[in-house]
Amino acid sequence: QHLNPHNGEAVKEVDGHEAAITCLKISYSSVKIVSGDSDGIVKLWDFHGLELLVGLRAHIGACNCLAFSPRSSLVLTGGADKVVKVWETREMKLIRKFDGHKGEITSLACSLFPLNSSINSLWDPQEATRTEGDFRVVAGST
């Protein structure tokens, strides 16, 4: 659904997933939307026209969480398969995969700013290694 911000009423509904939608994020630039479902399917949408740009199977099992990079050029997905994946948003091409969690991924965040140390994992999205740099991906698991 596309909601009117003034009254919360649906402006437009879009059918796009066969399985239950488990997560949804709007890009920082408000140009794209990404949605994930319980079958591991991730879809990238045009925010304004709510038209599907691309859809793909991102995870084995549910896609539990999503995040856009601060400049909206990357989408991060976390799944029941215990994997974090990084996709470029032009074609939703997989560019990095982060293994190493013992439980399914339940939350993701991407920041340009230093984060506190009470988080589960910090990763450099370009190098697929844990990092202490300025651009970080945060992944939480159960």
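Residues in segment 29-60 that are touching a residue at least 40 places away in the same chain (Cβ under 8 Å), open to solvent by less than 30 Å² (accessible area, probe 1.4 Å) and of a type in the set (A, V, I, L, M, F, W, C) were compared, and the one that is nearest to E104 (Cα to Cα) is V42. Taking the conditions exactly as written (part of a loop (DSSP other than H, G, I, E, B) and surrounded by 13 or more Cβ atoms within 10 Å (Cβ to Cβ)), does K82 satisfy them or not? Here the answer is yes, as K82 does meet what is asked. Taking the criterion of being charged (D, E, K, R) and over 15 Å from R90 (Cβ atoms), the residues of segment 13-42 that qualify are E13, D15, E18, K25, D37, D39.
The values are calculated or read from the model by the stated rules, or taken from the named source; none is laboratory data. Quick caveat, the model's predicted, so the values are computed rather than measured. Note: ideal-geometry Cβ built from the backbone for every residue, glycine included; neighbour counts use all protein chains shown. The area values use the complete protein model at the heavy-atom level, side chains included, leaving out ligands, DNA and RNA. Shrake-Rupley method; radii C 1.70, N 1.55, O 1.52, S 1.80 Å.
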